[in-house]
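The values are calculated or read from the model by the stated rules, or taken from the named source; none is laboratory data. These numbers come from a predicted model, not from an experiment. Neighbour counts run over all protein chains shown; Cβ positions are idealised from the backbone, glycine included.
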Amino acid sequence: MSLNLQSLKANPGARRRKLRKGRGIAAGQGASCGFGMRGQKSRSGRPTRPGFEGGQMPLYRRVPKLKHFPLINPTSFTVINVAKLADLKAGSTVSLDSLVKDGIVTSPKHPLKILGSGELNVKLTVQAAAFTASARAKIEAAGGTCEITD
């Protein structure tokens with residue numbers, strides 16, 4: 001006898017008949033089909049979604065809140081403190097390009113953000129992508145203006 005697809009057959013007893021639930025007490029799984037009387041797990045359909053922990057914050061949502069999980073799309077800035085702007089000429093416009101020309105910024109890879117460390121008493125028009133609250137206050141206190149660029 002040759003072995004081919006048509007001659008393949010399961011071993012005797014390997015395939016059991018499907019249990020027909022809810023077909024009377026004699027069938028073995030009658031009425032409530034072995035699911036008990038009431039409750040979430042006795043209802044039709046899947047009782048809960050995969051990963052559900054009874055309302056507790058599930059593991060797949062807890063894990064990213066732990067340490068050492070990187071941000072997916074972090075915002076990066078080229079940062080500079082207000083103290084570095086104090087040496088510039090009064091009334092000049094400060095932008096990322098002008099700071100590169102003056103040699104204050106050496107690697108302008110990201111948008112400019114002004115931080116508030118240091119003192120400033122020169123009137124400047126500063127164009128940057130972001131300002132900290134203290135930096136904005138110090139620039140405006142010196143008589144300058146802050147312009148947000150995109």
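Within the stretch 135-150, the set of residues being of a type in the set (D, E, K, R) and crowded, with 17+ Cβ neighbours inside 10 Å comprises Arg136, Lys138. Apart from one condition, Ala137 fits all of (1) touching a Cys at 6+ places or on another chain (Cβ under 6 Å); (2) assigned to a helix (DSSP H, G or I); (3) not charged (D, E, K, R); the exception is (1).
Evaluate the stretch 111-122: report whether one residue or more is at pLDDT 95 or above, among the basic types (Lys, Arg) and within 20 Å of Gly144 (Cβ to Cβ). Looking through the stretch 111-122, at least one residue is at pLDDT 95 or above, among the basic types (Lys, Arg) and within 20 Å of Gly144 (Cβ to Cβ). Here the stretch 123-134 is the region considered, the condition is being surrounded by fewer than 16 Cβ atoms within 10 Å (Cβ to Cβ) and outside any strand (DSSP E or B), and the residue that is nearest to the chain's Cα centre (by Cα) is Ala133. The residue pairs whose first member lies in the stretch 91-119 and is in the same structural domain as Lys138 (by TED's automatic domain parsing) and free of Cβ contacts under 8 Å to residues at least 40 places away in the same chain, whose second member is surrounded by fewer than 14 Cβ atoms within 10 Å (Cβ to Cβ) and of a type in the set (Asp, Glu), and whose beta carbons are closer than 9 Å, counting only pairs six or more residues apart or on different chains, are Thr93/Glu147; Asp102/Asp87; Ile104/Asp87; Pro108/Asp97; Pro111/Asp150. Of all residues in the stretch 45-56, those satisfying the criterion of being modelled with pLDDT of 90 or more and surrounded by 10 or more Cβ atoms within 10 Å (Cβ to Cβ) are Phe52, Glu53. Residues of the stretch 102-122 that are surrounded by fewer than 14 Cβ atoms within 10 Å (Cβ to Cβ) and of a type outside the set (Gly, Ala, Ser): Thr106, Pro108, Lys109, His110, Glu119, Asn121. May I ask you to say which residue of Ser2, Ser98, Ser42, Ser32 is in contact with a Gly (Cβ under 6 Å, 6 or more places away or on another chain) and either surrounded by 12 or more Cβ atoms within 10 Å (Cβ to Cβ) or of a type in the set (Gly, Ala, Ser) (or both)? Step by step, each of Ser2, Ser98, Ser42, Ser32 is checked, and only Ser42 is in contact with a Gly (Cβ under 6 Å, 6 or more places away or on another chain) and either surrounded by 12 or more Cβ atoms within 10 Å (Cβ to Cβ) or of a type in the set (Gly, Ala, Ser) (or both). For the stretch 125-140, filtering for residues that are polar (S, T, N, Q) and either farther than 17 Å from Ser92 by Cα or touching a residue at least 60 places away in the same chain (Cβ under 8 Å) (or both) leaves 2.
Note on the stretch 96-121: residues that are in contact with a Leu (Cβ under 6 Å, 6 or more places away or on another chain) and either among the β-branched types (Val, Ile, Thr) or assigned to a strand (DSSP E or B) (or both) amount to 2.
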